[in-house]
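The values are calculated or read from the model by the stated rules, or taken from the named source; none is laboratory data. The structure displayed is predicted, hence computed values, not measured ones. We place every Cβ from the backbone using ideal geometry, glycine too, and count neighbours over all the protein chains shown. Remember, those area values only see protein heavy atoms, side chains included, never the ligands or the DNA or RNA. Shrake-Rupley method; radii C 1.70, N 1.55, O 1.52, S 1.80 Å.
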Amino acid sequence: MRYSKMFIPTMKEDPKEAEILSHRLMLRAGFIRKLASGVYTWLPLGLKSLKKVENIIRQEMNRKGAQEIIMPFVQPKELWEESGRWEKYGKELLRIRDRNDRELCLGPTHEEVVTDLVRREVKSYRELPLILYQIQTKFRDEIRPRFGVMRSREFSMKDAYSFDIDEAGAEKSYMDMYDAYMRIFERCGFNFKAVEADTGQIGGSFSHEFMVLADTGEDTIISCGGCGYAANLERAEVGFVDREVPHTKGQLKDVETPGQRTVEEVSEFLGVKPDKLVKTIIYNTDRGTMGVLVKGDREVNEVKLRNMLNLDVIELADEETIEKTTGGPLGFSGPIGLSIPLYADRDVLFMEDFVVGGNVRDVHTVNVNNEDFKVKGYYDLKVAEPGDFCARCGGTYSSTRGIEVGHIFKLGLKYSKAMNCTFLDKGGKEIHAVMGCYGIGVGRTVAAAIEQGHDENGMIMPFGIAPFEICVLPVNSSHAESMELAEAVYKELLYKGMDVIIDDRSERPGVKFKDCDLIGIPIRVTIGERNLKDHMVEIKLRKEKDSQKVRKEEVIERVLNYANEFKRR
RNA sequence: CGGGAUGUAGCUCAGUAUGGUAGAGCACAGCGUUCGGGACGCUGGGGCCGCUGGUUCAAGUCCAGUCAUCCCGACCA
């Protein structure tokens, strides 16, 4: 490709709208342009990267026997009613009407459509297992789109769906996809981690998220240095050390705490550390009002609570409910004498002489012990933090930030039952297919690569997904000898199958260098008058600071060597 | 949906307190000088001052409404 012919609108200044680095750089380097909030055009350069990611995905999916299809972007309401998600999905699902007033939606995901397809076409166990995938545009009407293509409303996603005859088959499919994902993200050049994740509203029994490690990531990953266990923050189990349960020491006593509602206020007022307090959090759920006890300096993990009690709805109780159930106002709730079910985090079991709310305005109770109230049980109910004990090996947790680029779920029978997707087994019995679903955000993957690879001059794209692999850069395009050699090198590299661009513009050198760095092309071949006098040209790797001179006869070989080295990794 | 902010040239922004002919830098076009890390000079093109209504002799500026965008929060395959 010739730079002079390609549509690459780069920008010198940072666009105001862009908050994080990848977004800024993608705008500046002419990868994307915004059309509306959360809706982007991919320009030639960005599209090249996007396609490279897509192709890596295709190759690895195909390698596992998955087959590519394309399903409709517009989907009828009826299917979504069958699965029950027309009601449940909420405002993220963009609903539209056609001219006949039929209700439709823009597909945010394709479980319904693919399940419908398979139930129509697959009749026998002989046709399974089956994994179908597509790379296609999705629309989710996000509450708050941000970070460019990292969290947009319209976005490209690879989604795959597996259908198996039984649990064992489904697990095999899941593991196949897991392997494929590992290979995909390795080939993208990522520093990433597969972490255990909550299955969320999509349900199902287990799930992994593939997280690209980056400080700007929206997700928190908890991981154990000891055994390698890693999980999404909302999922991470917290271990504990079994200690002797202490016995009552101090004298239970109410104290005046006028106006002191928060943990900080109370602990300061009474002169005790927050970890000597126990918070009583009141929740409204689909199974009634309940209370959760947690140490003062920790937070309740609502996902754990929901999973443990198998709840659908959990929300913090309003003040009215709190006063009705505890007798006291918000900020003064405590477990003593409450009639609602109470669940406590395990931390509480090992505490003694702690402080709780008095269930009366401006009163807290001190020297409280576990004998003073009744709970349904002690469970792991808090949000994990660095420094906590690992639930698997007792090691110590640390936390990092990550960008979720892939997510795999074992769905089980959720959709096949709801939509009656069945086939006949060996014995002629009708049974439901066991399903899995597997997503990768393609655009987000490109953004994540930039988030992970950049410096003050611009992107440092991994070789496998950079828009070009090599840039041939003649310093002075009006110098005939330079141009001649540049053209020759360019054509030879093309012939060798490399993805190469020649910067044939009559721009000043500085402009060319800056653009080349901004775009993040991994290998640059600089051809200038000065070095040419000594029959030398320059090779510079984007990720390295210094360039090296090589004899012009050797340049092709040297470049190909670098390319091979990049590919091998 | 709650809180905060911003809409003026393609981009970054000034001008708005005190109403009086629309500005700068970058980008763009022409000419000249430059030419190994985003050059310089001269000339030029480019504006529904987000939109609608109001106040006024006069509105980018004041008032009301509305739309859009961004940030924080709640939410999230």
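Against the definition (over 29 Å from A:LYS12 (Cα atoms), charged (D, E, K, R) and modelled with pLDDT of 95 or more), how does A:LYS496 come out, yes or no?
yes
Here is a yes/no grid of residues against (1) over 28 Å from A:PHE240 (Cα atoms); (2) within 25 Å of the chain's Cα centre (by Cα):
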position: A:TYR283; (1), (2): no, no
position: A:GLY291; (1), (2): no, no
position: A:VAL294; (1), (2): no, no
position: A:GLU299; (1), (2): no, yes
position: A:ALA317; (1), (2): yes, no
position: A:ILE322; (1), (2): yes, no
position: A:THR325; (1), (2): yes, no
position: A:LEU330; (1), (2): yes, no
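Sort out which residues of segment A:135-162 are among the hydrophobic types (A, V, I, L, M, F, W, C), over 21 Å from A:GLY46 (Cα atoms) and surrounded by 20 or more Cβ atoms within 10 Å (Cβ to Cβ), and write them in order of number.
A:ALA160
Within the set of pairs 6+ apart or on separate chains, which have a first residue in segment A:432-451 that is within 14 Å of A:ALA466 (Cα to Cα), a second that is within 12 Å of RNA strand B (Cβ to nearest atom) and in a loop (DSSP other than H, G, I, E, B), and C-beta atoms under 8 Å apart?
A:GLY443/A:SER152; A:ALA447/A:PHE147; A:ILE450/A:GLY520; A:GLU451/A:ILE20; A:GLU451/A:THR216; A:GLU451/A:GLY217
Under 8 Å between Cβ atoms, at least 6 apart or on separate chains: pull out the pairs that start in segment A:24-36 with a residue that is over 14 Å from A:CYS516 (Cα atoms) and end on any residue that is more than 9 Å from RNA strand B (Cβ to nearest atom) and open to solvent by less than 50 Å² (accessible area, probe 1.4 Å).
Between residues of segment A:24-36 that are over 14 Å from A:CYS516 (Cα atoms) and residues that are more than 9 Å from RNA strand B (Cβ to nearest atom) and open to solvent by less than 50 Å² (accessible area, probe 1.4 Å), the close pairs are A:ILE32/A:MET26; A:ILE32/A:TYR40; A:ILE32/A:LEU43; A:ILE32/A:GLY46; A:ILE32/A:VAL149; A:ARG33/A:TYR40; A:ARG33/A:LEU43; A:LYS34/A:TYR40.
Residues are listed down the side, and each one gets a yes or a no for (1) polar (S, T, N, Q); (2) closer than 27 Å to A:GLU68 by Cβ; (3) open to solvent by 30 Å² or more (accessible area, probe 1.4 Å):
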site	(1), (2), (3)
A:GLU121	no, yes, yes
A:TYR133	no, yes, no
A:ASP164	no, yes, no
A:GLU196	no, no, yes
A:PHE210	no, yes, no
A:LEU213	no, no, yes
A:GLU218	no, no, yes
A:GLY225	no, no, yes
A:TYR229	no, no, no
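Look through A:SER477, A:SER547 and report the one residue that is without any contact (Cβ under 8 Å) to a residue 24 or more places away in the chain, outside the structural domain of A:LEU25 (by TED's automatic domain parsing) and open to solvent by 10 Å² or more (accessible area, probe 1.4 Å).
A:SER547
Just for segment A:430-471: of the residues that are among the charged types (D, E, K, R) and assigned to a helix (DSSP H, G or I), which one is surrounded by the fewest Cβ atoms within 10 Å (Cβ to Cβ)?
Among those residues, the one meeting the criterion is A:GLU451.
Could you look through segment A:39-61, keep only residues that are hydroxyl-bearing (Ser, Thr, Tyr) and open to solvent by 30 Å² or more (accessible area, probe 1.4 Å), and pick out the one that is nearest to A:SER4 (Cα to Cα)?
A:THR41
Within the bounds of segment A:159-167, is there any residue that is at pLDDT 95 or above, within 11 Å of RNA strand B (Cβ to nearest atom) and assigned to a strand (DSSP E or B)?
Yes, some residue in segment A:159-167 is at pLDDT 95 or above, within 11 Å of RNA strand B (Cβ to nearest atom) and assigned to a strand (DSSP E or B).
Restricting to segment A:335-353, what's the tally of residues that are more than 39 Å from the chain's Cα centre (by Cα) and more than 20 Å from A:MET290 (Cα to Cα)?
Matching residues across segment A:335-353 total 2.
Restrict the check to segment A:526-535 and report whether at least one residue is away from RNA strand B (no atom under 11 Å from the Cβ), charged (D, E, K, R) and exposed (fewer than 13 other Cβ atoms within 10 Å of the Cβ).
No, segment A:526-535 has no match at all.
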